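Have a look at the structure below before the remarks.
The values are calculated or read from the model by the stated rules, or taken from the named source; none is laboratory data. From a predicted model like this one, the values you see are computed outputs, not experimental measurements. Quick reminder, even Gly has a Cβ in these numbers, built from the backbone with ideal geometry, and neighbours come from all protein chains shown. Quick note on the areas: whole protein, heavy atoms, side chains included, nothing else; ligands and nucleic acids left out. Shrake-Rupley method; radii C 1.70, N 1.55, O 1.52, S 1.80 Å.
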Amino acid sequence: MKTEVLIVEDDRKISNLISIYLANEGYSVKQAYDGEEGRTLYLQHRPCLLILDLMLPKWSGEELCRFVKKDSEDPPGVIMLSAKGTTEDRITGLRLGADDYMTKPFSPEELMAHVEAVLRRTGHVCQKLSHEGLEVKPRKGEVWLNGERLELTHYEFNLLYFMMDHKDQVFTREQLLEQIHPNGEADIMARTIDAHIKKLRRKIEADASVPQRIVTVRGMGYKYASH
């Protein structure tokens, strides 16, 4: 699973340059060009890190930084970008909750070093998986859907985490059974997976009869669909 970074920067040239460097380092990148779009993409994808311009249309970088830092018990790291480089400006940015503050212009190589440093401090956030309002927190053993905590069994939790961690990859019933009962620890029929999937769909799908997340691939098995 790639570490996901959200760039919120209204200067498209700067945003695209940062995106290229991040992609070359193996990160998964999302881009927003104003504060409102940044908020929407943040809520959809729950990235590990935001690279956030201070001066943005619609929602300012200050507002978005405050929002993401208050939205979760495990907020993502935030690197704030600004043309304002005084000590007072830096202190203000850090007091907003930013984990780092960089003054424009900057070199992309320097930014990458700051990205690595911030992720070392906030990397535990990246262990969680998020997709369209569904969030799995393995360190806490919690699953949340649109802000509400779900009650999953141990098997349902492991099954969901495994499939979300391998989005769009098709698994047979036998492969999924191996994930929740490794090394043949239980003499259970592969069709037991169908029962787990059915119960899981009731909890995470808007309409369990027409699943959009965990879908059946006829003649093969199941997959967690990213689209």
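Quick check, is residue 212 open to solvent by 40 Å² or more (accessible area, probe 1.4 Å), within 25 Å of residue 45 (Cβ to Cβ) and of a type in the set (S, T, N, Q)? When the stated conditions are applied, residue 212 passes them.
Selection over region 1-54 of residues that are free of Cβ contacts under 8 Å to residues at least 40 places away in the same chain, over 18 Å from residue 130 (Cβ atoms) and outside any helix (DSSP H, G or I) gives a count of 4.
Residue pairs whose Cβ atoms lie under 7 Å apart, sitting 6 or more positions apart in sequence or on different chains, and linking a residue in region 92-115 that is in contact (Cβ under 8 Å) with a residue 40 or more places away in the chain to a partner that is open to solvent by less than 50 Å² (accessible area, probe 1.4 Å) and assigned to a helix (DSSP H, G or I), are 98/65; 108/18; 111/18. Only residues that are of a type in the set (Val, Ile, Thr), open to solvent by 40 Å² or more (accessible area, probe 1.4 Å) and within 19 Å of residue 131 (Cβ to Cβ) were counted across region 55-89, and they come to 0. Of the set (1) buried (at least 21 other Cβ atoms within 10 Å of the Cβ); (2) in contact (Cβ under 8 Å) with a residue 60 or more places away in the chain; (3) of a type in the set (Asp, Glu), all apply to residue 132 but (1).
Would you point out the residue of region 93-123, among those that are touching a Ser or Thr at 6+ places or on another chain (Cβ under 9 Å) and more than 16 Å from residue 8 (Cα to Cα), that is surrounded by the fewest Cβ atoms within 10 Å (Cβ to Cβ)? Across region 93-123, the extreme among qualifying residues is 123.
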